[in-house]
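Q: Take a look at this one; I'll ask things after.
The values are calculated or read from the model by the stated rules, or taken from the named source; none is laboratory data. Given the structure is predicted, the values throughout are model-derived calculations rather than measurements. Heads up, the Cβs are rebuilt from the backbone with ideal geometry, glycines too, and the neighbour counts pull from every protein chain shown. Side chains are part of the model used for accessible areas, which takes the heavy atoms of the whole protein and leaves out ligands, DNA and RNA. Shrake-Rupley method; radii C 1.70, N 1.55, O 1.52, S 1.80 Å.
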Amino acid sequence: MNKESAVAATEAIDKRVSWLAMAIIGSGQALMTFNVSALPVSMSGFVSSFHVAPTTVGTVIVVHSLSIAAFVMLGAKLGQIFGSRKVFQITCVVYAIGMTIMTLAHNIYTVFTAQTIAGLAASAAVPTFVVLIANNYAGKQQIEALGLLGGIQALAGMLAFFIGGTLETLVSWRVSFAILIPWSLAVAYFSRNLTRVERVPEIKVDWLGAVVAAFAVLFISLGFNNLNYWGILVAKPDIPFQFGGLSPAPVMIVFGFVLIQGFLAWSHRRAREGKIPLLALQVIESPPEKIAVLAMMIIVVLGKALTFLMPLYAEIIQGRSSFQTAVYLIPYQLAVFAAAVLVVHLYNTMSPRQIARCAFVIVAVGLVGLGIKFQNEWSDVMVILFLIVIGIGQGALMTLLFNVLVTASPKRLAGDVGSLRGTTTNLAGAVGTAIAGVLMVGILVVNLERSLTDHPTLPPEFIKAVDLNNATFVSNDYLISALNGLAMTPEQIAEAVRINADARLRALRLSLFFLASLAFLVIIPARGLPNYVLGEVPSGHPEIAADSRPGPPDHERAL
């Protein structure tokens, strides 16, 4: 390639096109993010409408995320067979159906059904985001588009907290999901303006791989989500089944990871036989890509755990309205959005390794600070500040790690990169929400047990009546109402309320410290991320995918 043709090729890659396509793709991403983000802020509405425990909302989130994570790789293949644009349009219509059922839900089981339908639709839509961006944008504009995709997730989450909180407080939680019905249909209609993606009808779906992957995700998610109900190690009484006294939850988690190994082995075998596996293993074959997937999973776990813990504590423990909770969390969501969009400007001065390690330090420091400063009064300015700090690190990592995966793979594997991202983030989302519940309830039980043992003033009848196997988070007003039915003096009721309040606060703090330690630990494997600065990679670098043609290496090209 001579100098003139090289310049022409570069100009073609960097030619900027309309952002209309990104607005449509982003609206689809925002639609799905809004739905799942509106769930925790609607917590008090669910509790009052369906008379369920607040932690049930965590189960709803897990069900939704599980539906996506289990079938997103299958969804990517459906996009290749039928065309990504057509699949994107169909899934938006199906999403509208799911939101209609959600709006009209008359019990919690209908909510589970609606979120399952929405999750299945999203499992096919999520891989198309990357494919559609790859087919509508190139060069620097594509990198910016990927950053916007991550930023839109954060922005939609913020809007969900604010709009959902406002509607839940002033009207009903149902309206938050009702507005997604016309939104879904509008995205489906305007997606006609997207560049058409050619079908690959000769692709055969690896159905065995799809089943193994789905069951792996299923067992891991259900195992984590039921640690509180079935027991972390020893089986609790009255659970559906057990293994010789051992809780089924850890058994399911281990079996799920075994199935993941089986899925990878089966995929390698298909590749050796010249068949197309469910997931193109090229997208995770290099050490930097594997580290990027691990780091992405951890940051999503941390983010989902945090956004579950904060509304749980603010609404159920402090009795604040959904609107108040949304307002308090807006600075955090804005920080995630700003960092996700602006981090791309660091790519020319810092390597992915440097950015990731700094970002994980920022997240860890924010979580530690939050744990130290958090009191029963939410309006502490330092609490808001540390939430912003966490948001900055989280937003930067989401965009950075996504770009590492996308830019390391050729354009033809965009769907596989999208499915890998969807599987990773949604499985991590389910696990993060479940871990938050396990930590809070587990630590709460330990605190209550320690405080109630041989208590000098509380009556033995009350202590015996406390069922620690089914302990959960309740407001002070709810606890006082329950205690009024017992033969207890006002002083004893006040002492019981104090013990419960202290136990809840310690549970939150220790949970945040645990999350901070997890963020600190990821700093070590983050050393395996690429250490090049965009545009300054030395030739022959082992992280560069081989390309027989002259020109920039794969990792310097967007997709």
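Q: Quickly run through the stretch 258-280 and pick out the residues that are part of a helix (DSSP H, G or I) and more than 24 Å from residue 434 (Cβ to Cβ).
A: Scanning the stretch 258-280 gives 265, 266, 267, 268, 269, 270, 271, 272.
Q: Scan the stretch 204-219 and give yes if some residue there is closer than 21 Å to residue 441 by Cα and among the acidic types (Asp, Glu), otherwise no.
A: no
Q: May I ask you to say which residue of 154, 124 is of a type in the set (A, V, I, L, M), farther than 15 Å from residue 422 by Cβ, touching a Gly at 6+ places or on another chain (Cβ under 8 Å) and crowded, with 24+ Cβ neighbours inside 10 Å?
A: Unique residue meeting the criteria: 154.
Q: Still on this structure: From the set of residues in the stretch 390-445 that are open to solvent by 20 Å² or more (accessible area, probe 1.4 Å) and not in a helix (DSSP H, G or I), which is nearest to residue 333 (Cα to Cα)?
A: For the stretch 390-445, the residue satisfying everything is 408.
Q: Restricting the first residue to the stretch 488-508 and requiring it to be open to solvent by 40 Å² or more (accessible area, probe 1.4 Å), which pairs with a second residue that is assigned to a helix (DSSP H, G or I) and of a type outside the set (A, V, I, L, M, F, W, C) meet a Cβ separation below 9 Å and a spacing of at least six or different chains?
A: Note: pairs meeting the criteria are 502/447; 502/451; 506/447.
Q: Here's another thing I want to ask about it. Only one of (1) among the hydrophobic types (A, V, I, L, M, F, W, C); (2) modelled with pLDDT under 90; (3) within 23 Å of the chain's Cα centre (by Cα) fails for residue 117. Which number is that?
A: Exception for residue 117: condition (2).
Q: To continue, here is another question. Pick out the one residue from 296, 252 that is touching a Ser or Thr at 6+ places or on another chain (Cβ under 7 Å) and modelled with pLDDT of 85 or more.
A: One residue alone meets the criteria, 296.
Q: In the stretch 127-149, which residue that is farther than 26 Å from residue 346 by Cβ and of a type in the set (Val, Ile, Thr) is least open to solvent (accessible area, probe 1.4 Å)?
A: The residue in question is 128.
Q: Can you confirm whether the stretch 89-98 contains a residue that is closer than 29 Å to residue 305 by Cβ, in contact with a Ser or Thr (Cβ under 6 Å, 6 or more places away or on another chain), open to solvent by less than 40 Å² (accessible area, probe 1.4 Å) and in contact (Cβ under 8 Å) with a residue 12 or more places away in the chain?
A: yes
Q: Can you find even one residue in the stretch 64-83 that is surrounded by fewer than 21 Cβ atoms within 10 Å (Cβ to Cβ), out of contact with any Asp or Glu (no Cβ under 6 Å at 6 or more places or on another chain) and over 30 Å from residue 200 (Cα atoms)?
A: Taking every residue of the stretch 64-83 in turn, none turns out to be surrounded by fewer than 21 Cβ atoms within 10 Å (Cβ to Cβ), out of contact with any Asp or Glu (no Cβ under 6 Å at 6 or more places or on another chain) and over 30 Å from residue 200 (Cα atoms).
Q: Just to be sure, is residue 184 within 24 Å of the chain's Cα centre (by Cα), crowded, with 20+ Cβ neighbours inside 10 Å and polar (S, T, N, Q)?
A: Yes.
Q: Can you tell me how many residues within the stretch 203-257 are in a loop (DSSP other than H, G, I, E, B), buried (at least 21 other Cβ atoms within 10 Å of the Cβ) and among the β-branched types (Val, Ile, Thr)?
A: 0
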